[in-house]
Amino acid sequence: MGDQIFRAAVSVVSNAAEGRGRGERQERQFLNISLGSCNEVIVQLGVCGVCKLIPRSTSRDLIAKYKEMRGWLESQIRVLDGEEGSDEAEDDDTPF
């Protein structure tokens, strides 16, 4: 389980970074992959907490951080879709 979480967590940041600065279509594609990996981490952390592989409080704290990251990814996708203006987000707005 730890290896799965590690790979998905690396995928979240790697795909968001790789898509940065590419054309909008490719950036959206990479952000969607990143979003899927983020959701995967959230589910896996929940399973770890329920199965007592990690303390439930740790699971909840980490899930909250990944939900925050998920919100950022969703907002970036909305920007690319033209739903929240067309300006690119500042680099220092990145939660990671």
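The values are calculated or read from the model by the stated rules, or taken from the named source; none is laboratory data. All figures in this text were calculated on a predicted structure; none of them were measured in a lab. Every residue, glycine as well, gets a Cβ built from its backbone with ideal geometry; the counts of neighbours run over all protein chains shown.
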* Which is within 19 Å of W72 (Cβ to Cβ) and free of Cβ contacts under 8 Å to residues at least 12 places away in the same chain, of R56, R22? -> R22
* At least 3 residues that are loosely packed, with under 12 Cβ neighbours inside 10 Å, touching a helix residue (DSSP H, G or I) at 6+ places or on another chain (Cβ under 9 Å) and at pLDDT 95 or above in each: list the helices (runs of 4 or more DSSP H) lying fully within the chain that qualify. => none
